[in-house]
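Engineer: Dropping a structure here in structure tokens format, bear with me for questions.
Nothing in this text is a laboratory measurement; each read-out follows from the coordinates by a stated rule. Because the structure is predicted, anything quoted here is derived from the model rather than measured. Counting neighbours? That spans all protein chains shown, and the Cβs are built from the backbone with ideal geometry, glycine included.
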Amino acid sequence: MILLDSVCKTYPGDEKPALDEVSLHIEPNEFVFLVGKSGAGKSTLMKMITKEEAPDSGKIIIGGIDLDYVKKRHIPGYRRRLGVVFQDFKLLPRRTVYENVAFALEIAGMSGKEIRKTVPKVLELVDLLDQAKKFPDQLSGGQQQRVSIARSVARQPKILIADEPTANLDKLTTEEIIGLLKKINDFGTTILVTTHNENIVNNLQKRVVTMKDGRIVNDQKNGGIYKLDETPQLKLKRTMQAPGHALKPRPRMIQ
């Protein structure tokens, strides 16, 4: 579902790479936390997945799509196949809750009839159907984040990536948002979350991938906990080459 094979990236003017031989394989339906201190490489890795940045070397395949084949004009279409949730919500302030979700579907080319059918179902999923006519500034931070999540899952993406989705929320609201992401994962969506919140990682005990100095230094497949002080491993690539792992699924070009 998500495959990075020996991905390297160094930004102009930097001496150290942002990503240094990063290899990662996330299976369909997994829930994965990506953790690490600021500057560890988490944001760059996420930008690789959304194709905001391109690697200097290495291979990236997302949902069967080889990103080498996604040309610049195809990037918007590719991104519409992903669900992306940000910590600052990125809602349209002059559109209601309903209109924010509907707008995402309009861009994706969904018909008006399908939009009217889909939006109420998605708002019910995030428990905001009764807030459909309100504007973002009339909502709490947690409610705004749920609108953001609703907008991201309305197209039923196979992959949802959330970059610090609870960074500006209180403890109770944080638990509600993580609970919602878990529910979405239970429906079959692959979830990748970056976070600095030790409690939610330890409480959920899902897979935890730890980054340090541009490298993956720990990958706890099950029952993972939040821990940052690890020595970089030279070759995580071996784990991807175990029987049953296909490093190079057949690439396909986005249409």
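Engineer: So what's the net charge close to K133: Lys and Arg +1, Asp and Glu -1, counting the other residues with Cβ under 14 Å from its Cβ? All intermediate terms of the calculation are to be shown ahead of the outcome.
Structural biologist: Working: positive: R94, R95, K134; negative: E99, D130, D137.
Around K133, the charge tally is 0.
Engineer: Can you tell me the 0 to 90 degree angle between the C-alpha axis of helix 171-186 and the longest principal axis of the chain, rounded to 10?
Structural biologist: 80
Engineer: Taking square-rooted eigenvalues a ≥ b ≥ c of the alpha carbon gyration tensor, is the chain rounded, prolate or oblate, where a/c under 1.5 means rounded and, failing that, a/b exceeding b/c means prolate?
Structural biologist: Numbers: a/c = 1.88, a/b = 1.43, b/c = 1.31.
Judged from the Cα gyration tensor, the chain comes out prolate (a/c at least 1.5, a/b above b/c).
Engineer: Taking amide H positions as placed in the peptide plane 1.01 Å from N, state which residues far from I2 in sequence (5 or more) or on other chains have amide H under 5 Å from it.
Structural biologist: I26, G63
Engineer: Where a ≥ b ≥ c are the square roots of the eigenvalues of the C-alpha gyration tensor, would you call segment 108-197 rounded, which needs a/c under 1.5, or, failing that, prolate if a/b is larger than b/c, or oblate? Before the final figure, lay out each step's value.
Structural biologist: Numbers: a/c = 2.08, a/b = 1.26, b/c = 1.65.
Oblate.
Engineer: Relative to the Cα centre, what is the charge dipole magnitude of the chain, using +1 at the beta carbon of each Lys and Arg, -1 at the beta carbon of each Asp and Glu, and rounding to the nearest 20 debye?
Structural biologist: Details: 41 positive and 31 negative charges, 202 e Å.
Result for the chain is approximately 960 debye, rounded to the nearest 20.
Engineer: As I understand it, the value is the acute angle between the Cα axis of helix 97-107 and the longest principal axis of the Cα atoms of the chain; what does it come to in degrees, rounded to 10?
Structural biologist: Tilt of helix 97-107: around 60 degrees.
Engineer: Further, regarding this structure: Net charge near G223, counting Lys/Arg +1 and Asp/Glu -1 over other residues with Cβ under 11 Å of its Cβ? Before the final figure, lay out the partial values.
Structural biologist: Values: positive: K206, R207, K221; negative: none.
Combined, the nearby Lys, Arg, Asp and Glu give +3.
Engineer: Next up: Evaluate the charge dipole of segment 69-208 about its Cα centre and quote only its size in Debye, nearest 20, assuming +1 on the Cβ of each Lys and Arg and -1 on the Cβ of each Asp and Glu.
Structural biologist: So the magnitude is around 900 debye.
Engineer: What does the charge count around P17 come to, taking other residues whose C-beta lies under 13 Å from its C-beta (Lys +1, Arg +1, Asp -1, Glu -1)? Write down the numbers at each step before the final one.
Structural biologist: Numbers: positive: K9, K16, K212, R215; negative: D14, E15, D20, E21, E53, D56, D213.
With Lys, Arg at +1 and Asp, Glu at -1, the neighbours total -3.
Engineer: A follow-up question, please. Any idea what angle helix 112-125 forms with the longest principal axis of the chain, computed on alpha-carbon atoms, 0 to 90 degrees, nearest 10?
Structural biologist: 70
Engineer: Set Lys and Arg Cβ to +1 and Asp and Glu Cβ to -1, take the dipole of the chain about its Cα centre, and tell me which of S57, G13, G41 lies farthest positive.
Structural biologist: Comparing the listed Cα positions along the dipole, S57 ranks first.
Engineer: A follow-up question, please. Taking H placed 1.01 Å from N in the peptide plane, check which residues at least 5 places from G83 or on another chain put their amide H under 5 Å from its amide H.
Structural biologist: Excluding prolines and chain starts, which carry no amide H, the hits are I159, L160, I161.
Engineer: What is the ratio of the Cα radius of gyration of segment 91-156 to 2.2 N^0.38 Å, where N is its residue count, to two decimals? Please list the in-between numbers first.
Structural biologist: Values: Rg = 10.5 Å, N = 66, 2.2 N^0.38 = 10.8 Å.
Compared with the compact-globule rule of thumb, segment 91-156 sits at 0.97.
Engineer: Quick one: putting +1 on the C-beta of Lys and Arg, -1 on the C-beta of Asp and Glu, what dipole do you get for segment 91-156 around its Cα centre, in Debye to the nearest 20? Walk me through the intermediate numbers first.
Structural biologist: Values: 11 positive and 7 negative charges, 31 e Å.
Computed about the Cα centre, the dipole is about 140 debye.
Engineer: Let me ask something else. Which of these, R116, R155, R215, has the largest mean-square fluctuation under a Gaussian network model of the chain (Cα springs below 10 Å)?
Structural biologist: In the Gaussian network model the winner is R116.
Engineer: Can I ask one more? Taking each pair of distinct Cα atoms in segment 1-138 once, what is the resulting Kirkwood hydrodynamic radius in Å?
Structural biologist: On the way: mean 1/r = 0.0573 Å⁻¹.
Result for segment 1-138, one decimal place: 17.5 Å.
Engineer: May I ask what percent, to the nearest 5, of DSSP beta bridges between residues of the chain are antiparallel? Intermediate results must be reported in sequence, preceding the final value.
Structural biologist: Working: 17 of 35 bridges.
That works out to approximately 50 percent antiparallel.
Engineer: Return the calculated 222 nm mean residue ellipticity for the chain, to the nearest 500 deg cm²/dmol, obtained by summing -39500 (n - 2.57) across DSSP H runs with n ≥ 4 and dividing by the residue count. Can you show the working numbers first?
Structural biologist: Details: 8 runs with 78 residues, N = 255.
Helices in the chain give a 222 nm mean residue ellipticity of -9000 deg cm²/dmol.
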